[in-house]
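Trainee: The structure is given below, and queries will be raised subsequently.
What follows is calculated from the coordinates using simple rules that are stated; it is not laboratory data. Nothing here was measured: the structure is a model prediction, and the numbers come from that model. Heads up, the Cβs are rebuilt from the backbone with ideal geometry, glycines too, and the neighbour counts pull from every protein chain shown.
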Ligand SMILES: Cc1cc2nc3c(=O)[nH]c(=O)nc-3n(C[C@H](O)[C@H](O)[C@H](O)COP(=O)(O)OP(=O)(O)OC[C@H]3O[C@@H](n4cnc5c(N)ncnc54)[C@H](O)[C@@H]3O)c2cc1C
């Protein structure tokens, strides 16, 4: 039987692609989703069980409608599937009192407080002495600035992908896994997507291939993006029950150098029985095909001695799990979601610079709605009219 022409082909079914496939198929589009592996898998940007989500997004007001809508969608998905996706454990941000100008996170407590106040989101600036009383397991000196958002929390990222793909399939989406897209060729009336198995036709394509995005993106977009290796550690704790999403908030600890940022994630129900702590680095770029996916004992020991022991008491040196995960970054750390220079029929929407998951399902919905309503042209992206407007994320 001849392959039908699809309304939409989604290339890459991770955080962004699974969201687009779910929302587009729910809107009634004929969707084909293709992934080179079988998501959720551990090779791209969406792994390690959990991601931080905050309604007061200090990165800028352009993100607010998306994260707010994502929280609503996750609650809808939880109600439909009885799968727990969002744990509102609260979130703590710790920075220097004196911001470091030009640093990636700069004055993040103050920025977040301003965004929260403008958006009517609860956010409390906490005195270091009070923070020490509330969180005696964190070493917070008087030269730190601390902020707390009660509505922040952790989202189960791999489960979200799984649920969105399952529901997309139930709504009629055709999903092909373990099939790699090797070419995307637009013409005036459609787009041809080629894999080693065959070619497919569609009116629209969403390219959401995460850290592999440079392989298939137009060169104008590809050259704006860098991929970096990030490491996630899980450490044992003296009393694990006091490090759960029911007992403590997550902690974003922002230091004077970008590469000294760390995040502590409480243990969610069903998660790896340990305290997850992430690092961040932008000094060495890499590629998914050549990245070193092993984490050495030296790397673990150095990280523990430099970043964990001085900040968090009760977290033990024993590392029970460590994973490598990949960031895709633009030069200004903001998203890149735009029409492909080769054709308005192709939308690029992966690179989310280490802070994309919390927005992913709402971004998927916005992109799916745009395609469903025929607004696939570059002009459509520039419209700037609706709440969920994608214009701020266009190529800069
Ligand atoms: C360590 C780490 C911590 C993070 N922490 C946070 C956080 O706390 N909060 C937050 O909001 N965000 C966070 N992020 C960012 C967030 O996880 C990412 O923005 C998001 O996961 C990006 O998803 P994606 O869909 O772009 O990529 P992926 O989920 O990697 O999906 C890309 C998919 O494309 C497929 N693919 C690739 N090439 C092809 C091809 N040629 N043909 C077919 N399929 C292909 C891949 O197999 C993959 O399944 C973090 C990221 C990392 C790495």
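Trainee: Just from its helices, what would the mean residue ellipticity at 222 nm be for the chain, if runs of 4 or more DSSP H residues each count -39500 (n - 2.57) and the sum is divided by every residue, rounded to the nearest 500 deg cm²/dmol?
Mentor: Numbers: 10 runs with 96 residues, N = 396.
Mean residue ellipticity at 222 nm (helix-derived): -7000 deg cm²/dmol.
Trainee: Calculate the all-directions average of the projected area of the range 265-358's alpha-carbon convex hull, and give it in nm². Present the calculation step by step, with values, prior to reporting the outcome.
Mentor: On the way: hull surface 35.8 nm².
Answer in nm², one decimal: 9.0.
Trainee: Please report 87, 176 as a ranked list, fewest other C-beta atoms within 10 angstrom at the top and most at the bottom. Kindly include the intermediate steps, with their values, before the conclusion.
Mentor: Values: 87 21, 176 17.
Ascending Cβ contact count within 10 Å gives the list 176, 87.
Trainee: Now a separate question. Using just the C-alpha positions of the range 86-203 as equal point scatterers, what log10 of I(q)/I(0) does the Debye formula give at each q in 0.11, 0.18, 0.22 1/Å?
Mentor: With no solvent term, the Cα-only Debye profile gives -0.66, -0.95, -1.27.
Trainee: Now for a separate question. Among 243, 148, rank each residue by its count of other Cβ atoms within 10 Å, from fewest to most, as a rough exposure measure.
Mentor: Details: 243 24, 148 20.
In order of increasing Cβ crowding within 10 Å: 148, 243.
Trainee: Rg to Rh ratio, the chain, alpha-carbon atoms and Kirkwood radius? Mind showing how you got there, number by number?
Mentor: Numbers: Rg = 20.8 Å, Rh = 21.5 Å.
Here Rg/Rh amounts to 0.97.
Trainee: Continuing with the same structure: State, to one decimal in nm², a quarter of the convex hull surface area for the C-alpha atoms of the range 4-66, i.e. the direction-averaged projected area.
Mentor: Working: hull surface 23.5 nm².
Mean projected area of the Cα convex hull: 5.9 nm².
Trainee: If you take the Cα atoms of the range 154-306, find Rg, then find the Kirkwood Rh from the mean of 1/r over all pairs, what is Rg/Rh?
Mentor: Details: Rg = 20.3 Å, Rh = 19.3 Å.
Rg/Rh: 1.05.
Trainee: Also, quick follow-up: From the gyration tensor of the Cα coordinates in the range 1-40, what semi-axes in whole Å does the equivalent ellipsoid have, largest first, with each one equal to sqrt(5λ)? Before the final figure, lay out each step's value.
Mentor: Numbers: eigenvalues 63, 38, 8 Å².
Whole-Å semi-axes of the equivalent ellipsoid: 18, 14, 6.
Trainee: How do 300, 248 rank when sorted from fewest to most other Cβ atoms within 10 Å of their own Cβ?
Mentor: Working: 300 18, 248 21.
In order of increasing Cβ crowding within 10 Å: 300, 248.
Trainee: Would you work out if the range 245-290 is rounded, prolate or oblate? Take a ≥ b ≥ c from the square roots of the eigenvalues of the alpha-carbon gyration tensor; rounded if a/c is under 1.5, else prolate when a/b is larger than b/c, oblate otherwise.
Mentor: Details: a/c = 4.67, a/b = 1.53, b/c = 3.05.
Note, shape of the range 245-290 comes out oblate.
Trainee: Next question, about the same structure. Please determine, in degrees from 0 to 90 and to the nearest 10, the orientation of helix 64-81 with respect to the longest principal axis defined by the Cα atoms of the chain, where the helix direction is its Cα long axis.
Mentor: Once rounded, the angle reads 80 degrees.
Trainee: I need the Debye-formula profile for the range 194-272: one equal scatterer per C-alpha, no solvent, reported as log10 I(q)/I(0) at q = 0.18 1/Å, two decimals.
Mentor: So the normalised log intensities work out to -0.90.
Trainee: Hey, another quick one. Report relative contact order for the chain in percent, whole number only (criteria: Cα-Cα under 8 Å, sequence separation at least 6). It would help to have the intermediate numbers written out before the result.
Mentor: Working: 888 pairs, mean separation 94.5, N = 396.
That works out to 24 percent.
Trainee: How far apart, in nm, are two points set 7 Å out from the Cα along the Cα-to-Cβ line at residue 332 and at residue 294?
Mentor: 4.2 nm
Trainee: Still on this structure: For the chain, set up a Gaussian network in which alpha carbons nearer than 10 Å are linked by springs, and say which option among 120, 58, 354 fluctuates the most.
Mentor: It is 120.
Trainee: In whole angstrom, how far apart do the alpha carbon centroids of the range 313-352 and the range 109-139 sit?
Mentor: 26 Å
Trainee: Taking only Cα atoms of the range 1-140, what ratio of Rg to Rh do you get with Rh as the Kirkwood inverse-distance radius?
Mentor: Working: Rg = 19.9 Å, Rh = 18.5 Å.
Rounded to two decimals, Rg/Rh equals 1.07.
Trainee: Taking Cα atoms, how many degrees apart are the long axis of helix 108-119 and the longest axis of the chain, rounded to 10 and kept between 0 and 90?
Mentor: 60 degrees
Trainee: In a GNM of the chain with a 10 Å cut-off on Cα contacts, which of 291, 191, 251 has the highest mean-square fluctuation?
Mentor: 291
Trainee: Compute the helix-to-body angle for 360-372: its Cα long axis versus the longest principal axis of the chain, expressed 0 to 90° and rounded to tens.
Mentor: 20 degrees
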